[in-house]
Amino acid sequence: MRFMLSIFFRLVAAGMLAFCSASVVLGQDHAEALKREWAIASKGRPEFEVSDAALLPSTLALAVEQSGCRYKDGIKDAPVRFIRPEGRRLAIVFCSGIAVGSHQVFDVRNVLKPTLVELPFLAQPDGFGTTAWPGWITWEKGDKVFRAETGSDTSFARLRHIYRVDRGTGSFVIVRVEFTPHIGTKDEWTTIWDAPKWSFPAKPN
């Protein structure tokens with residue numbers, strides 16, 4: 001009887017080991033397949049655009065859909081942009097809206113699990129909060145800043161937040177907030193908040 005039980009438990013253990021090994025292999029194969037999607041989309045380019053929803057890597061597409069972003073409606077006119085400011089890997093996705101759409105930013109350093117980035121944003125009547133819907137984003141590569149512009153379907157007034165990516169932490173830092181009451185040129189923006197130059201008291205002797 002003991003001999004039969006010993007054989008039974010050995011068979012069970014062998015089956016469990018085979019199952020776990022197969023699961024590991026399947027998991028590795030799936031991860032490699034997902035990484036190949038990114039390699040196909042980028043074609044070896046560090047910065048690129050995707051204007052076809054079918055070519056968007058599935059892990060990013062899933063993260064975008066889970067955020068509530070309707071990206072398929074406008075991807076041809078506003079392609080998904082993949083950039084690397086200060087070494088950080090980001091995807092900027094335009095989300096269509098009923099009246100006014102907005103971009104969203106995703107951290108894609110881990111291509112298997114892209115994450116939504118929330119940016120600092122002016123919280124009226126005072127202070128700052130964060131938002132995942134910062135408005136229409138442009139990336140000024142020469143100046144190394146992002147400009148996020150928001151407006152309304154009932155007014156020409158617009159608000160613009162200027163960001164940079166901190167080299168040390170990789171986080172978005174708000175540099176300036178600008179306002180314009182009407183549609184105009186770049187020179188008609190008025191700065192309503194400017195980041196101060198921080199100074200710290202010297203350490204006491």
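The values are calculated or read from the model by the stated rules, or taken from the named source; none is laboratory data. It should be emphasised that the depicted structure is a prediction, and the values quoted were computed from it without experimental measurement. Note that each Cβ is placed from the backbone with ideal geometry, even for glycine, and that neighbours are counted across all protein chains shown. In case anyone asks, the SASA skips ligands and DNA or RNA and just uses the protein heavy atoms, side chains included. Shrake-Rupley method; radii C 1.70, N 1.55, O 1.52, S 1.80 Å.
Full extension of the chain between THR130 and VAL175 yields a length gain of 14.8 nm, computed as 0.36 nm times the residue separation minus the alpha carbon distance. Think of the range 79-205 as having a plus end and a minus end, set by charges on the Cβ of Lys, Arg, Asp and Glu; of PRO201, PHE121, HIS161, PRO201 sits farthest toward the positive end of this dipole. Partner lysines whose Cα lies under 25 Å from the Cα of LYS113, excluding those fewer than 8 positions away in the same chain, are identified as LYS35, LYS43, LYS72, LYS76. Distance between the 7 Å Cα→Cβ label points at GLU47 and LYS35: 2.6 nm.
Count Lys and Arg as plus one, Asp and Glu as minus one, and take only other residues whose Cβ is under 15 Å from that of SER42; the net charge is then +4.
Computed 3J(HN,Hα) for the range 117-129, one whole-Hz value per residue from the Karplus formula 6.51 cos²θ - 1.76 cosθ + 1.60 where θ = phi - 60°, is 9, 9, 9, x, 8, 4, 10, 6, x, 8, x, 9, x, glycine and proline marked x. Phi angles of the range 61-67 translate, via the Karplus equation with coefficients 6.51, -1.76, 1.60 and θ = phi - 60°, into HN-Hα couplings of 4, 5, 4, 5, 5, 5, 7 Hz per residue; Gly and Pro are given as x.
Distance from the Cα centroid of the range 156-185 to that of the range 83-151 is 10 Å (rounded to whole angstrom). Figure note: SER155, SER199, SER96 ranked by solvent-accessible area, largest first, 1.4 Å probe, ligands and nucleic acids not counted: SER199, SER155, SER96.
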